Amino acid sequence: MYCSAIVAATSIPANNAFAISADDVSNKMSKDERFGYVTGMLDMLTYQASIGGNKPKADCIVEAYYGDGKDAAWEKLLAAFEALPEKYPASIVTVLVNKACGE
């Protein structure tokens, strides 16, 4: 019975109405909400790099978005959200992190 419920639940198509767009982050979230949402993504990318054995990338993310160069990195990130309003914020953050960290 339990397995049937899992199969049934995973076969339901995803509804994009619940997806958050870059426009939502830029224009519908307060500054504090936006900061919390984006830092959550950055922290998860840092954690992913760390547990994956890529300490240099983890250090790069921390330095880029929380270190001395953070203002420029955040400006690029927020500008990308404005320029690509229909895209998923996690995709934008991932691309910018990879670019900042040489990938």
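The values are calculated or read from the model by the stated rules, or taken from the named source; none is laboratory data. Please read all numbers here as calculations on a predicted model, not as lab measurements. Cβ sites come from the backbone with ideal geometry, for glycine too, and all protein chains shown count toward neighbours.
Below, the figures for the structure above:
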quantity	calculated
Residue check for A58: of a type in the set (A, V, I, L, M) and closer than 11 Å to A100 by Cβ	no
Residue within the range 38-52 that is touching a residue at least 40 places away in the same chain (Cβ under 8 Å), surrounded by 15 or more Cβ atoms within 10 Å (Cβ to Cβ) and farther than 14 Å from K99 by Cα present	yes
Looking only at the range 22-37, and only at residues there that are among the polar types (S, T, N, Q) and assigned to a helix (DSSP H, G or I), the one that is nearest to E103 (Cα to Cα)	S26
Top-ranked residue of the range 53-99 - restricted to ones that are free of Cβ contacts under 8 Å to residues at least 40 places away in the same chain and in a loop (DSSP other than H, G, I, E, B), ranked as surrounded by the most Cβ atoms within 10 Å (Cβ to Cβ)	N54
Some residue of the range 48-67 being modelled with pLDDT of 95 or more and among the aromatic types (F, W, Y)	no
